[in-house]
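In what follows, a structure is listed as C-alpha cells, so that the remarks can point back to it.
Rule-based calculations on the coordinates, nothing more; no lab input. Since this is a predicted model, take the numbers as computed values, not measurements. Cβ: placed from backbone, ideal geometry, glycine included. Neighbour counts: every protein chain shown.
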Amino acid sequence: MKRFFSLLIREFKKGVKNIFQKLEKLLNEIFGFGDEVADSVSTPAERRVKEKQVEQAERAARKNGESDYSWMSTRKTGNLGGNILKKSQIRKLRGILKEKGIDLIVEGDIRSVKKLFKPVIIDDFRFENVDDLFFFMKRKKFVGGFNAINKQMILPANSTEIVAFHEMAHVKHYELLGDAYHELNVLQKETYVWKEILASRGNWKKGELEDSLEYINRIRTDKKFGLKPIKIK
C-alpha cells in the first residue's frame with residue numbers, strides 16, 4: 001500500500017498528463033481492478049471506443065465457436081454420429097410402449113423395472129436375467145431388440161435414436177399384422193424396418209443410414225435368401 005501512494009505522489013509531481021493511464025496501471029498491478037477504475041474516470045468518448053472494441057472481440061469469439069458456455073457438454077453422439085437417447089426421450093418412449101402393453105427395459109434401469117423382464121431364447125441360449133442378456137448383446141454387438149411374443153423392448157445403455165426407431169418400427173409392424181407377425185421370417189421383418197428408415201432418411205446421419213443399408217443387405221445376400229443387395233443414391 002505504501003508503494004502505491006509513493007508512486008501516485010511521484011506521478012502527481014510530474015504533472016497530470018497521462019495520470020489516469022498511470023493510475024490504471026498501478027491499480028491493476030496492486031489490486032487487479034485497474035480497468036474498472038479507469039473506466040469510471042475516462043471520458044464518454046473513450047468509453048464508447050472501449051465498448052466497441054469489446055463488442056468486436058466478442059463477435060470474433062462467437063465466430064470462432066467460442067462463448068461463455070463453451071465448457072458445457074454438447075449432445076452426446078454414438079459411434080455412427082447419431083444422437084444418444086436423452087432421459088426425457090426414454091421416459092416418453094416408455095410411456096408410449098406401456099400404453100401398447102409393451103415393457104421397455106433399458107440397461108441401468110432400477111430393479112423394479114428389471115423385474116419386468118421375461119425370459120427369452122436367443123441363439124439357443126435361454127436368458128432368465130436381463131443383465132445376462134445385456135452382457136450377451138455386448139459380446140454379439142446386438143444394439144437392441146423387440147420381442148413380440150413377450151411384448152418387451154430391450155435397449156442397451158447409450159442407445160441412439162435410430163436404434164429406438166428401428167425397434168419401434170418392429171412394434172409398428174407387429175401392430176399392423178397382429179399374430180400374423182410371428183409367421184414372418186427375418187428378411188420380411190427387417191425389410192419393413194429398412195423401408196421405414198429409408199422413408200425418414202433425413203433424420204439420420206450418413207453413417208447410420210449406411211449401417212442400416214449394410215445390415216439389410218447382409219440378410220438379403222445370405223445364402224438362405226440369395227437376393228441382390230439394395231443400392232441407394
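Past the 26 Å Cα-Cα mark, which pairs from LYS189/LYS224; LYS100/LYS231; LYS87/LYS118; LYS86/LYS172; LYS118/LYS195? Let's see the in-between values first.
Working: LYS189/LYS224 15 Å; LYS100/LYS231 35 Å; LYS87/LYS118 23 Å; LYS86/LYS172 22 Å; LYS118/LYS195 29 Å.
Beyond 26 Å between Cα atoms: LYS100/LYS231; LYS118/LYS195.
Within the set of other residues whose C-beta is less than 11 Å from the C-beta of ILE105, count the net charge using Lys and Arg as +1 and Asp and Glu as -1.
Residues near ILE105 contribute 0 overall.
Dividing the Cα radius of gyration by the Kirkwood radius, what Rg/Rh value follows for segment 87-220?
Working: Rg = 14.5 Å, Rh = 15.5 Å.
Answer for segment 87-220: 0.94.
With both partners inside segment 87-220, how many of the DSSP beta bridges are antiparallel, as a percent to the nearest 5? If you can, show how the numbers build up before the last one.
Values: 6 of 10 bridges.
Bridges in segment 87-220 are about 60 percent antiparallel.
Whole-Hz Karplus ³J(HN,Hα) for segment 120-131, in order, using 6.51 cos²θ - 1.76 cosθ + 1.60 and θ = phi - 60°, x for Gly and Pro?
After applying 6.51 cos²θ - 1.76 cosθ + 1.60, I find 9, 10, 10, 6, 6, 9, 9, 10, 8, 10, 5, 5 Hz.
Output wanted: per-residue J couplings in Hz (rounded whole) for segment 188-197, from phi through Karplus 6.51 cos²θ - 1.76 cosθ + 1.60, θ = phi - 60°, x for Gly and Pro.
5, 5, 6, 5, 4, 5, 4, 5, 5, 5
Residue by residue through segment 200-215, which ³J(HN,Hα) values in whole Hz follow from phi under the Karplus form 6.51 cos²θ - 1.76 cosθ + 1.60 (θ = phi - 60°), with glycine and proline marked x?
Rounded to whole hertz, the list is 10, 4, x, 8, 10, 6, 4, x, 5, 5, 5, 5, 5, 5, 4, 5.
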